[in-house]
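Q: Have a look at this one.
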Amino acid sequence: MLKRVSALLVAAILGTSLITVTPGRAQDVYWQCVTFVRLASGIEIYGDAWTWWRQGTERFRTGNQPETGAVLVFQPHGRMTRGHVAMVSEVLTDRVIRVTHANWGGSRGRIEENVTVVDVSDAGNWSRVKVWYAPINDLGSTVYPIYGFVYKEPLGSATPLRQAALPETAAELGFGQP
């Protein structure tokens, strides 16, 4: 009996010591854009970045105007074969925003905060953008095609106003006979 208790105690100690994890720092993590944006924005979409637009149109309000907290969805382009997503951290003008994103350009696996993004589309509809590129301290030369913005508001979340039931008879209004 004593051997069993000792064996269980040793197993319990070893088991708990194996599952104890040393917490890492955020800068030690290799961040992917999708994982970071999902956590930062609270928008629960999974899959490659380019799939966020289709999934977003099915589940969330979407559009072509930036809003703080929305997710900017990049189309696949060049070496960026899986697209890219970034969270809007600030709207500066109708054609200039700042985003926070991960795993972009010169910051592979890292988070970049408040990166300037400029709408360079002819129509001003956020269909093509340039992104600030820190290694050259300027906007990059590449123009990226954009799907649009996915907003945090789920489709169908707006509660329609219900019309109150109106009384149809004098008795329902309280004018009936006692």
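Q: With label points built 7 Å along Cα→Cβ from the Cα atoms of Asp94 and Ala123, find their separation and express it in nm.
A: In this crude spin-label approximation the distance works out to 1.5 nm.
Q: Over the stretch 25-154, what portion of Cα pair distances is larger than 27 Å, expressed as a whole percent?
A: Counting every Cα pair in the stretch 25-154, those more than 27 Å apart make up 9 percent.
Q: Also: Gain in length, Gln32 to Asn137, computed as 0.36 nm per residue apart minus the alpha-carbon separation, to one decimal in nm?
A: Gain in length upon complete extension: 35.5 nm.
Q: At what distance in angstrom do the alpha carbon centres of the stretch 37-59 and the stretch 87-127 lie from each other?
A: The stretch 37-59 and the stretch 87-127 have Cα centres spaced 17 Å from each other.
Q: Suppose every Lys and Arg Cβ carries +1 and every Asp and Glu Cβ carries -1, with no other charges. What dipole size does the stretch 25-154 come out with about its Cα centre, to the nearest 20 debye?
A: 300
Q: Using amide H atoms built 1.01 Å from N in the peptide plane, name the residues 5+ places from Trp126, or on other chains, whose amide H lies under 5 Å from its own.
A: Those lying under 5 Å, H to H, from Trp126 are Ser121.
Q: Let me ask something else about it. What is the local net charge at Ile146, summed over the other residues whose Cβ is closer than 9 Å to its Cβ (Lys, Arg +1; Asp, Glu -1)?
A: 0
Readers should treat all values here as calculations from the given coordinates under stated rules, not as data from a laboratory. This is a predicted model, so every value here is computed, not measured. Heads up, the Cβs are rebuilt from the backbone with ideal geometry, glycines too, and the neighbour counts pull from every protein chain shown.
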